[in-house]
Amino acid sequence: CQHCHGKSKDRVLNVHHKESRKTGGDSPGNLVTLCETCHKGYHEGRIQLKLTPNKSYRHASFMGIMRWYVYNSLKELYPEVSMTFGYITKNSRIRNNIEKAHSADAYCISGNLNAKRIDEIYNQAFKRKHNRQIHKANFLKGGRKKLNQSAYEVKGFRLFDHVRYMDEECFIFGRRTSGYFDLRKLDGSVVHRSASFKEIKLLKRQSTILIERKGCNGVLLS
Ligand SMILES: [Zn+2]
Ligand SMILES: [Zn+2]
């Protein structure tokens, strides 16, 4: 609480707009964290805020403010929402001998360690569907730049199509008009740098979110 600095012992913080949201906006400089006691007191006219005048709050931790902003907004929609902290997650992870991995985070954060975990994880990656660079980086003779638009489809395949090559599932990371493609896993590891389109089978059309299914040991499932 930027007014009482904890004296009220109220542990619930609100975000207060110094100028109304309409005129002052949601920028960090216009936001103050106040405990609910002080916040109510201010709006009911019982207290005057002791915020050092002209002091810039820009340096107040952005996360410190935004966390409460997000939390309070969510809480209005879902009353059962509660807050947890990294040290709690870490503590329950170590106490229960759980590996440190992104795939274990949600499990530890949920706090329900009696839940049975499914033994597979989904690895997702966002990929742009089009190469949006308009020109090649280097100049041609005569000072012109070569257009960079590559064909949307080459031999029936698109960039980031999910395909099967020699019993391996992978994605198309690069195509040559000759029909030889660069095939990789989502993490970028190479399956084949120049595989003929004739030996590639389309499994799933490209989409903005690419999904790979893995076992908890990190081994790809197909
Ligand atoms: Zn307070
Ligand atoms: Zn307020």
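Full extension of the chain between S178 and K22 gives 50.4 nm of extra length, using 0.36 nm per residue less the Cα-Cα distance. Relative to the current alpha-carbon distance between I47 and S196, full extension at 0.36 nm per residue lengthens the span by 46.1 nm.
Legend: distances between Cα atoms for K127/K204; K22/K50; K75/K100; K155/K198; K116/K185; K116/K204; pairs beyond 21 Å are K22/K50; K75/K100; K116/K185; K116/K204.
The alpha-carbon of K201 sits under 12 angstrom from the alpha-carbons of these aspartates and glutamates, leaving out residues fewer than 8 places away in its chain: D161, D167, E168, E169.
Taking the dipole about the Cα centre of segment 66-119, with the C-beta of Lys and Arg at +1 and of Asp and Glu at -1, give me whichever of L77, S92, I109 is farthest to the positive side. Highest projection toward the positive end goes to S92.
Placing R0 at 35 angstrom, the Cβ-Cβ distance between R11 and L113 gives a FRET efficiency of 0.90 after rounding to 0.05.
Could you sort the peptides 68-79, 163-174 by per-residue average Cβ neighbour count (10 Å cutoff), highest mean leading?
163-174, 68-79
A simple rule links phi to the HN-Hα coupling: the Karplus curve 6.51 cos²θ - 1.76 cosθ + 1.60 with θ = phi - 60°, which for segment 80-97 gives 7, 4, 9, 9, 10, 10, x, 5, 6, 4, 5, 4, 6, 5, 5, 4, 9, 6 Hz, with x for Gly and Pro.
Each reported figure results from applying straightforward, stated rules to the coordinates on display, with no laboratory input. Remember, it's a predicted structure, so these values are computed and weren't measured experimentally. Note: ideal-geometry Cβ built from the backbone for every residue, glycine included; neighbour counts use all protein chains shown.
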